[in-house]
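Engineer: So that we are looking at the same thing, I have put the structure below in C-alpha cells.
The values are calculated or read from the model by the stated rules, or taken from the named source; none is laboratory data. Given the structure is predicted, the values throughout are model-derived calculations rather than measurements. Because the Cβ atoms are built from the backbone with ideal geometry, glycine has one as well, and the counts that use them run over all protein chains shown.
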Amino acid sequence: MLPVPAFRDFIHEQRLFDPSDQILLAVSGGKDSVLMAHLFNEAGFRFGIAHCNFTLRGAESDGDEAFTRELAAGFGVPFYTVHFDTGFFAATRKISVQMAARELRYDWFEEIRKANDYQFIAIAHHRNDAVETMLLNLTRGTGIAGLHGIRAKRGSLIRPLLFLKRDEIDELTAQNGLAYREDSSNLSVKYARNKIRRQVIPVLKTLNPDLENTFESGALYFAELEEFLNYQVDKLREELFSETSPFIKINISRLMTLHPRKLLWFGLFRPFGFSAAVLDDLAGSLPTCSGKIFRSKTHQLLADREYLFLSPVKENDPAGVTVLQATDAMITWNGLVFSQTTRERENTMFTSETTRAFTDTERLVYPLLVRSWRQGDVFRPLGMKGQKKLSDFFTSQKIPLNQKSAIAVLVNGNGEIIWVAGWRMDDRYKINQHTKKVTIFETVK
C-alpha cells in the first residue's frame with residue numbers, strides 16, 4: 001500500500017498546490033522520483049513526466065530515458081525529454097558537471113512548465129536530501145539562507161516527498177514492487193553530496209540516531225529566523241536608501257552606525273549582487289574614500305563625501321557613472337579629468353575650445369552625472385531648436401562605434417544632457433543676456 005493519505009495531508013498542510021492543478025513531475029528513473037510518480041497517479045492528480053538525459057553515462061543514460069518513457073506511457077500521461085551535452089556546457093561555463101546539470105534541468109523544466117500549462121514542477125527531494133543540503137551549505141558558508149535546508153515550496157518548485165525519509169522510500173518501493181533505475185554515479189564519493197551521504201551522515205547518526213528530525217526542527221527555526229531578518233532588513237533599506245533617479249542615495253554616516261555590520265550590510269545590498277568581500281572592502285575604505293567605485297556584476301556603488309550612490313551598470317557604459325557635486329573642483333571618469341569652476345559673468349573670459357563648456361549656473365541641478373551615452377539619449381545641440389538622438393548625432397559626426405562609449409556625457413540632475421564632452425553642449429544651458437553666473441566645465445586627458 002502506498003501512503004496516499006499522508007501524501008495528500010502533506011500537500012494540503014504545506015499548501016503545495018490545488019487538487020485541480022496540473023503538475024510537471026521531474027522523473028530521473030530512480031526510486032525517489034518513481035515513487036513520487038506512483039503517488040501522484042494513485043492520488044488521482046493531473047500530471048506529466050519530464051526527464052533529462054544528460055548523456056554522461058552512455059547506454060545507462062539512454063536506459064533511464066527509455067524506462068521513464070515507458071513509465072509515463074503506463075500512466076497514460078504526457079512525456080517530455082531532452083538531451084544535454086552536459087560536459088561541454090560545464091567546460092564552456094567553467095563550472096562543475098553537477099552545477100551544469102542543475103542549471104540545465106531547472107531552466108528546461110521551467111520552459112516545459114510554461115509551454116504546456118503546468119502550474120508547478122514537482123521534485124522528488126526527501127527529508128534526507130534536506131539534511132545533506134544543510135550540511136553542504138554549512139561547508140560552503142552560505143549563511144542563514146543555507147540553513148533552512150530544502151523548502152517544500154519555492155516559486156514554481158514543489159517537493160511533495162519531504163514527509164518521507166530515505167529508508168521509508170526504500171521500504172515502500174520494495175513492499176509495492178516498484179521498478180526503478182539505479183544510478184551508478186550515486187555510488188561514487190568523488191561528488192560532495194555523495195561523500196556527505198555515505199561518509200559523514202553515518203558518523204553523525206551514531207551521535208544522534210534521530211538526525212533527520214533534529215535537522216528538520218532546526219531548519220524550521222532558521223527559516224523563521226531568515227523570514228524575520230529579511231523583514232527587518234527590508235524596513236531598514238526603505239529608511240536608508242533614497243531613490244533619486246537614476247541612482248539610489250545612501251547616507252554613509254547612517255550606514256556606518258549599523259550593527260552587526262556584516263549581517264545587515266550583506267542583507268541590504270544582497271538584491272544588487274554585492275559579495276561579502278566587496279562589502280568588506282567598502283567598509284574598510286569608508287568614510288574617507290570619495291570617488292572610489294565598488295562593483296557587482298549588475299550594479300556599482302560610488303562613494304562621495306556624505307553619500308554612496310548606487311546605480312545599475314549598463315552594457316554600453318563600462319566605466320559606470322561618476323557623481324559631480326557643486327562643491328567638487330575636479331573628478332575623474334574613465335581616465336578623463338573633469339574640472340568645474342563658477343565665476344561671475346563679467347569676470348569670465350569666453351573661449352571656443354571643444355574641451356570647455358560655458359553654462360548658465362542657475363540651470364544646473366546638482367548632483368550632476370558623468371557617464372557614457374545610452375540608447376534613447378536625446379539632447380538639443382547648441383544652435384538647434386529641436387531635439388536630436390545622441391546616436392544620430394554620433395553618426396552625423398562620423399564617430400566610430402567603438403569610440404562612442406569613451407565619450408563622456410554630462411547629465412543634469414533633472415535628467416537632461418548638458419554637454420557631450422569634447423563635441424557639443426546642449427542649447428538649453430548656453431549663456432544668455434540674463435545669465436549672472438557661469439559654470440565652466442573642462443576636460444583633460
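Engineer: Hey, residue 255 hits all of (1) outside any helix (DSSP H, G or I); (2) outside the structural domain of residue 370 (by TED's automatic domain parsing) but one; which does it fall short on?
Structural biologist: Checking residue 255 against (1) outside any helix (DSSP H, G or I); (2) outside the structural domain of residue 370 (by TED's automatic domain parsing), the one that fails is (1).
Engineer: On the basis of being in a helix (DSSP H, G or I) and either modelled with pLDDT of 90 or more or within 18 Å of residue 312 (Cα to Cα) (or both), does residue 226 make the cut?
Structural biologist: For residue 226, the condition - in a helix (DSSP H, G or I) and either modelled with pLDDT of 90 or more or within 18 Å of residue 312 (Cα to Cα) (or both) - is not met.
Engineer: Continuing with the same structure: Of all residues in the range 239-262, which are free of Cβ contacts under 8 Å to residues at least 24 places away in the same chain and within 20 Å of the chain's Cα centre (by Cα)?
Structural biologist: 262
Engineer: Looking at the range 377-408, which of its residues are outside any helix (DSSP H, G or I), modelled with pLDDT of 85 or more and touching an Asp or Glu at 6+ places or on another chain (Cβ under 8 Å)?
Structural biologist: Those that are outside any helix (DSSP H, G or I), modelled with pLDDT of 85 or more and touching an Asp or Glu at 6+ places or on another chain (Cβ under 8 Å): 379, 380, 381, 382, 383, 384, 389.
Engineer: Answer yes or no: is there a residue in the range 285-304 that is acidic (Asp, Glu), outside any strand (DSSP E or B) and either modelled with pLDDT of 85 or more or in the same structural domain as residue 375 (by TED's automatic domain parsing) (or both).
Structural biologist: Checking the range 285-304: not a single residue is acidic (Asp, Glu), outside any strand (DSSP E or B) and either modelled with pLDDT of 85 or more or in the same structural domain as residue 375 (by TED's automatic domain parsing) (or both).
Engineer: Taking residue 383 as meeting all but one of (1) closer than 12 Å to residue 424 by Cβ; (2) surrounded by 12 or more Cβ atoms within 10 Å (Cβ to Cβ), write down the number of the exception.
Structural biologist: Unmet condition: (2).
Engineer: For the range 42-81: of the residues being of a type in the set (A, V, I, L, M) and at pLDDT below 95, which is nearest to residue 1 (Cα to Cα)?
Structural biologist: The selected residue is 59.
Engineer: Could you grab the pairs with beta carbons closer than 9 Å, sequence gap of 6+ or different chains, first residue in the range 426-443 and within 18 Å of residue 338 (Cα to Cα), second one among the charged types (D, E, K, R) and outside any strand (DSSP E or B)?
Structural biologist: Final answer for the pair search is 426/380; 426/416; 429/363; 429/416; 438/345; 442/353.
Engineer: If the requirement is being in a helix (DSSP H, G or I) and under 21 Å from residue 35 (Cα atoms), which of these qualifies: 118, 80, 106?
Structural biologist: Just one listed residue meets the conditions, 106.
Engineer: Right, here's the next one. Only one residue in 122, 91 is among the small types (Gly, Ala, Ser) and surrounded by fewer than 19 Cβ atoms within 10 Å (Cβ to Cβ), so which one is that?
Structural biologist: 91
Engineer: Could you please find all residues in the range 344-376 being under 26 Å from residue 306 (Cβ atoms) and not in a loop (DSSP other than H, G, I, E, B)?
Structural biologist: Scanning the range 344-376 gives 359, 361, 362, 363, 368, 369, 370, 371.
Engineer: Can you pull out every residue in the range 229-265 that is aromatic (Phe, Trp, Tyr), modelled with pLDDT of 90 or more and either touching an Asp or Glu at 6+ places or on another chain (Cβ under 7 Å) or closer than 20 Å to residue 311 by Cβ (or both)?
Structural biologist: Once the filter is applied, which keeps residues that are aromatic (Phe, Trp, Tyr), modelled with pLDDT of 90 or more and either touching an Asp or Glu at 6+ places or on another chain (Cβ under 7 Å) or closer than 20 Å to residue 311 by Cβ (or both), the range 229-265 yields 241, 265.
Engineer: Another question, then. Could you please find all residues in the range 91-103 being basic (Lys, Arg) and part of a helix (DSSP H, G or I)?
Structural biologist: Matches in the range 91-103: 93, 102.
Engineer: Residue 25: assigned by TED's automatic domain parsing to the domain that holds residue 171 and either without any contact (Cβ under 8 Å) to a residue 24 or more places away in the chain or part of a helix (DSSP H, G or I) (or both), yes or no?
Structural biologist: no
Engineer: Kindly provide the set of residues from the range 270-285 that are surrounded by 15 or more Cβ atoms within 10 Å (Cβ to Cβ) and either of a type in the set (A, V, I, L, M) or within 14 Å of residue 253 (Cβ to Cβ) (or both), ordered by number.
Structural biologist: Those that are surrounded by 15 or more Cβ atoms within 10 Å (Cβ to Cβ) and either of a type in the set (A, V, I, L, M) or within 14 Å of residue 253 (Cβ to Cβ) (or both): 278, 279, 282.
Engineer: Within the range 34-52, identify whether any single residue is assigned to a loop (DSSP other than H, G, I, E, B) and among the aromatic types (Phe, Trp, Tyr), and answer yes or no.
Structural biologist: Yes, the range 34-52 has at least one match.
Engineer: Being surrounded by 13 or more Cβ atoms within 10 Å (Cβ to Cβ) and β-branched (Val, Ile, Thr) narrows it down to one of 342, 351, so name that one.
Structural biologist: None of the others qualify; the one that does is 342.
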